[in-house]
1. Name the one entry in Lys92, Lys147 that is modelled with pLDDT of 95 or more, closer than 18 Å to Leu50 by Cβ, in contact with a strand residue (DSSP E or B) (Cβ under 6 Å, 6 or more places away or on another chain) and basic (Lys, Arg).
2. Name the residue that is modelled with the lowest pLDDT, counting only residues in the stretch 4-14 that are within 23 Å of Ala123 (Cβ to Cβ) and surrounded by fewer than 18 Cβ atoms within 10 Å (Cβ to Cβ).
3. Ile138 - would you say it is β-branched (Val, Ile, Thr) and either in a loop (DSSP other than H, G, I, E, B) or more than 23 Å from Ser53 (Cα to Cα) (or both)?
4. The conditions are (1) surrounded by 18 or more Cβ atoms within 10 Å (Cβ to Cβ); (2) in contact with a Leu (Cβ under 9 Å, 6 or more places away or on another chain); (3) more than 17 Å from Ala203 (Cα to Cα), and Ala47 fails exactly one of them. Which is it?
5. I'm trying to understand the selection: among the residues of the stretch 58-69, which are surrounded by 20 or more Cβ atoms within 10 Å (Cβ to Cβ) and over 16 Å from the mean Cα position of the chain (by Cα)?
6. With the condition kept exactly as written, say whether any residue in the stretch 146-161 is surrounded by fewer than 15 Cβ atoms within 10 Å (Cβ to Cβ), more than 17 Å from Cys39 (Cα to Cα) and in contact (Cβ under 8 Å) with a residue 24 or more places away in the chain.
7. Kindly list, by first and then second residue, each pair from a residue in the stretch 162-191 that is at pLDDT 95 or above and surrounded by 13 or more Cβ atoms within 10 Å (Cβ to Cβ) to a residue that is in a loop (DSSP other than H, G, I, E, B) and of a type in the set (Gly, Ala, Ser), limited to pairs with Cβ atoms under 8 Å and residues at least 6 apart or on different chains.
8. Identify the single condition in (1) among the basic types (Lys, Arg); (2) over 18 Å from Asn213 (Cα atoms); (3) surrounded by fewer than 17 Cβ atoms within 10 Å (Cβ to Cβ) that Arg73 does not satisfy, given that it satisfies every other one.
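The values are calculated or read from the model by the stated rules, or taken from the named source; none is laboratory data. What you see is a predicted model, and the numbers here were worked out from it, not measured in a lab. Here the Cβ positions follow ideal geometry from the backbone for every residue, glycine too, while neighbour counts run over all protein chains shown.
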Amino acid sequence: MIKKDKHFFEKYSRQMIMDQVGIKGQDKIIKSEICVIGCGGLGTSVAQYLSMSGISNFNLVDFDSVSISNLNRQTLFTEKDIGKKKSKVLSKKIKEINSLAEANYFDEKVTSKNIHNFINKKAIVLDCTDNFESRLLINKYCHDHKKILVSAAIQNFDIQAFMLAPWLDNDNPCYKCIFPELTNDNEASCDEMGIISSVAGLAGLIQANLTINYILGLKTSFKEFILLDCINLDMKKISIKKNRECKICN
């Protein structure tokens, strides 16, 4: 348990003076448990800002190592980290932001056989992966085990983001409802499509903000698809519905 001493109140004072947060809200943030799958452009930004907000319990999952091409968009990594495992480096950086944080790292690729080891009791899952095979797997697991899923995707100057909880309401869609034709063969990543650093950071910030909103009980929609065109700064919110023929959540 984190001690609420002078250091605590000073560190989070700018949040706690807000009506939407207060001491009770900050306590909810502190006690939240998060699983971040994918420690790249999205995952590093998500983990950085959630740890700064006070979240102190993370599982960080990524099998990859830091490369020089990652440094244009993956915050918290530096040239000194090249060749090191992303999840381990990110864990260390989070603890430097919040010395009281528990940041477990897993140097593994998420599969159907090991996914339970990462999520387990974590209430909120942030899908920060860059491939459809992982996204579909995470979506199914979160539905089957009643986990809140916060997902985002980035391409060039475009961002997609949404929160999913199909188990919470019969009308809530899952990821497969939104993309019914998607298969594991539809592979495309930032390496192939390209990405601007600021877009990756902004997408992670949106994921982090959606997570904080949910934790604090603020406006949260599980039937909304957020699209942001970062060239024209044009944001759209599209209502999404459950696919009654979906094989995952029906």
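1. The match here is Lys147.
2. Checked the stretch 4-14; the qualifying residue modelled with the lowest pLDDT is Lys4.
3. Taking the combined requirement at face value, the residue satisfies it.
4. (3)
5. Hit for the stretch 58-69 is Val66, nothing else.
6. yes
7. Met163/Ser221; Asn172/Ala165
8. Here Arg73 meets the rest and fails (3).
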